[in-house]
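The values are calculated or read from the model by the stated rules, or taken from the named source; none is laboratory data. Since this is a predicted model, take the numbers as computed values, not measurements. Counting neighbours? That spans all protein chains shown, and the Cβs are built from the backbone with ideal geometry, glycine included. Ligands, DNA and RNA are stripped out before the accessible areas are found, and what is left, the full protein with its side chains, is counted by its heavy atoms. Shrake-Rupley method; radii C 1.70, N 1.55, O 1.52, S 1.80 Å.
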Amino acid sequence: MPSLKDLRNRIASVKATQKITKAMQMVAAAKLRRAQEAAEAARPYSERMGAVLANITQAVGGGGDAPALMTGTGKDDVHLLVVCTAERGLCGGFNSQIARLARDHIRKLLSAGKQVKIICVGKKGYDILRRDYASLILDRVDLREVRTLSFVNADAIAKKVIGLFNDGQFDVCTLFYSNFKSVISQIPTAQQIIPAAAVEASGEAANGAAVYEYEPEPGEILSDLIPRNIAVQIFRALLENAAGEMGAKMSAMDSATRNAGDMINRLSITYNRQRQAQITKELIEIISGAEAL
């Protein structure tokens, strides 16, 4: 049984940890609002970009003017997975859920005889995936020094992916991230971004209510629009991840703070009982000694 001093030290240690988790919860709550606003602001632009792209895709069809980023290589032998996770932990199962979805996808592809290549955006996803698939990882994008995510960060990743595609390094590219729904709900998502023809139409583009004439030719517009759309989708994924990370961290630190409080209560009860037993034992020894005299 631990001594009273050991119990006091442990209670003090848990109280210090509780202060840290409470502070981290408050910081995450403050950052969550800004991250959520940024993610929600990016959604309409991303969705409208998809609608415009779908409309132009319908105009081009499978013609020779369609760029390779839209039509693909005609094969699906080599798959590139862009796995976006957080740079830091202490956010519950946020990172492990994204990595689990990517890992399941990798297993399916490998069992089907496909070749898989991985680009990890974020340290935690890299740490998880390299345990089993270190040989498949092409590159790792480090965003630890980035205080505020911007389109420049996503554009750099998009250019890297497009460069690999132009070099014939892969046939299909899938983006993995967590779609932010609420503080307690982040949904791991897999989205194909190359070939870009997989983009689903929405709104006017979906019901054919509008007919557009494009100048210059649709093929020329797609040559510029598809790379921009890839960067936009990656940027949205980064923003969704940032909001999801803060929401998961806020929830995890709240649970840790409450668990620390419960542990302090249990340790305090144990300490008081042991202290009372020790005092009672000392009183009995004093009384017994006095009676013996």
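Among the residues of segment 1-56, how many are of a type in the set (Val, Ile, Thr) and more than 27 Å from Gln186 (Cα to Cα)? Number of matching residues: 4. Count of segment 142-152 residues, restricted to those that are over 16 Å from the mean Cα position of the chain (by Cα) and open to solvent by less than 50 Å² (accessible area, probe 1.4 Å), is 1. Asp155: out of contact with any Ser or Thr (no Cβ under 9 Å at 6 or more places or on another chain), in contact (Cβ under 8 Å) with a residue 24 or more places away in the chain and among the charged types (D, E, K, R), yes or no? Taking the combined requirement at face value, the residue satisfies it.
Restricting the search to segment 64-83, which residues are open to solvent by 30 Å² or more (accessible area, probe 1.4 Å) and either more than 30 Å from the chain's Cα centre (by Cα) or at pLDDT 80 or above (or both)? Residues satisfying the conditions are Gly64, Asp65, Thr73, Gly74, Lys75, Asp76, Asp77. Scanning segment 1-40 for residues that are within 12 Å of Tyr271 (Cβ to Cβ), without any contact (Cβ under 8 Å) to a residue 24 or more places away in the chain and either hydrophobic (A, V, I, L, M, F, W, C) or in a helix (DSSP H, G or I) (or both) yields a total of 4. Sort out which residues of segment 116-139 are among the hydroxyl-bearing types (Ser, Thr, Tyr) and either out of contact with any Cys (no Cβ under 7 Å at 6 or more places or on another chain) or within 19 Å of Ile193 (Cα to Cα) (or both), and write them in order of number. Tyr133, Ser135 - these are the residues of segment 116-139 that are among the hydroxyl-bearing types (Ser, Thr, Tyr) and either out of contact with any Cys (no Cβ under 7 Å at 6 or more places or on another chain) or within 19 Å of Ile193 (Cα to Cα) (or both).
Leu101 meets each of the listed conditions (1) assigned to a loop (DSSP other than H, G, I, E, B); (2) crowded, with 17+ Cβ neighbours inside 10 Å apart from (1).
Of all residues in segment 263-286, how many are in contact with a Leu (Cβ under 9 Å, 6 or more places away or on another chain) and open to solvent by less than 90 Å² (accessible area, probe 1.4 Å)?
The total comes to 6.
Every test in (1) at pLDDT 90 or above; (2) not in a helix (DSSP H, G or I) is passed by Leu109 save one, and that test is (2). Filtered by the rule that a residue be open to solvent by 40 Å² or more (accessible area, probe 1.4 Å) and assigned to a strand (DSSP E or B), segment 158-184 gives Lys181, Ser182.
Among the residues of segment 159-175, none qualifies, meaning not one is at pLDDT below 90 and basic (Lys, Arg).
In segment 241-262, the qualifying residues are those that are of a type outside the set (Ser, Thr, Tyr) and surrounded by fewer than 17 Cβ atoms within 10 Å (Cβ to Cβ), and the one that is farthest from Leu4 (Cα to Cα) is Arg258.
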